[in-house]
Amino acid sequence: SHAYALTADILSTGVLNLFTRHSSHSTVDGSGKDYAYPHVTYETNYQTKKKKRYVELRYADGRFLSEKLVPPENPAKRPPVPVEQKQSASDPLSALIRARAALIDALKSGMKTFSLPVYDGRRLTQV
């Protein structure tokens, strides 16, 4: 069994603060083996434009299990991401681990590009 833990702290400064202020503290813990980590807990506390938010994502057996959003997302402003699309996505920090494995696979197969779905608790993106 293998495990990983990552922490990221982000704080906007300088000219960026003219447009928006952002600060965040994010953590993820995962366990598994061979660069597959089916058990993951991701948490982030962040503040953008004076709005404090919290996100917790949990994956078990490689499948999306649950999420907690504080405050909850307003579905009238942002439609919820369908559960089926969350299943193959990783959280923003675990995407770093998955990108390493995807890069190795791409190099072995001669591919020049690859993308990964990333779900942050509010949006699904391809990176």
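Can you pull out the trypsin sites (Lys or Arg not before Pro) in region 41-122 that DSSP calls coil and that have at most 16 other Cβ atoms within 10 Å? Provide the component values of the computation, followed by the final result.
Working: sites: K49, K50, K51, K52, R53, R58, R63, K68, K77, K86, R98, R100, K108, K112, R122; in loops: K49, K50, K77, K112, R122.
When the trypsin sites (Lys or Arg not before Pro) of region 41-122 are filtered for loop state and at most 16 Cβ neighbours within 10 Å, K49, K50, K77, K112, R122 remain.
At a Förster radius of 22 Å, what calculated FRET efficiency corresponds to the Cβ-Cβ distance of K49 and T125, to the nearest 0.05? Each step should come with its number before you reach the end.
Working: r = 20 Å, r/R0 = 0.91.
Calculated value: 0.65.
Can you tell me the orientation of helix 94-109 relative to the chain, as the angle in degrees between its alpha-carbon axis and the longest Cα principal axis, to the nearest 10?
In the chain, helix 94-109 runs at an angle near 40 degrees to the longest axis.
If I ignore ligands, DNA and RNA and count only protein heavy atoms, how much of D9 is accessible to a 1.4 Å probe, in Å² to the nearest 10?
Accessible surface of D9 is approximately 110 Å².
Which of the listed residues, P80, L6, T41, is farthest toward the dipole's positive end in the chain, when Lys, Arg count +1 and Asp, Glu count -1 at the beta-carbon?
Value computed over the given set: P80.
First compute the accessible area of the chain with a 1.4 Å probe, then give the percent of it belonging to carbon and sulfur atoms.
58
At R0 = 25 Å, how high is the FRET efficiency between A106 and T27 if r is their beta carbon distance? Nearest 0.05 is fine.
Values: r = 28 Å, r/R0 = 1.12.
E between A106 and T27, to the nearest 0.05, is 0.35.
In sequence order, what are the phi-derived ³J(HN,Hα) couplings for region 2-10 according to the Karplus relation 6.51 cos²θ - 1.76 cosθ + 1.60 with θ = phi - 60°, rounded to whole Hz, with x for glycine and proline?
Listing the rounded values in order: 10, 9, 9, 9, 10, 9, 9, 10, 10 Hz.
Assigning unit charges at the beta carbon (Lys, Arg +1; Asp, Glu -1) and nothing else, what dipole magnitude in debye, to the nearest 20, does the chain show about its Cα centre? Spell out each step's value before the answer.
Numbers: 19 positive and 12 negative charges, 114 e Å.
I would put it at about 540 debye.
Give me the one-decimal nm value for the distance between modelled label points at L96 and T113, 7 Å along each residue's Cα-to-Cβ direction.
A separation of 2.5 nm, rounded to one decimal place.
Per DSSP H run of n ≥ 4, the term is -39500 (n - 2.57); total these for the chain, divide by its residue number, and report the mean residue ellipticity at 222 nm rounded to 500 deg cm²/dmol. The partial results should precede the final answer.
Details: 2 runs with 21 residues, N = 127.
Calculated at 222 nm, the ellipticity per residue is -5000 deg cm²/dmol.
Only one of the values (1) 1.10; (2) 1.43; (3) 1.14 was calculated from this structure for Cα Rg over 2.2 N^0.38 Å; name its label.
(3)
The values are calculated or read from the model by the stated rules, or taken from the named source; none is laboratory data. Please read these numbers as outputs of a predicted model, since none were measured by experiment. No Cβ is skipped: glycine too gets one built from the backbone with ideal geometry, and neighbour counts run over all protein chains shown. Protein only, heavy atoms only, side chains kept; ligands, DNA and RNA dropped before computing areas. Shrake-Rupley method; radii C 1.70, N 1.55, O 1.52, S 1.80 Å.
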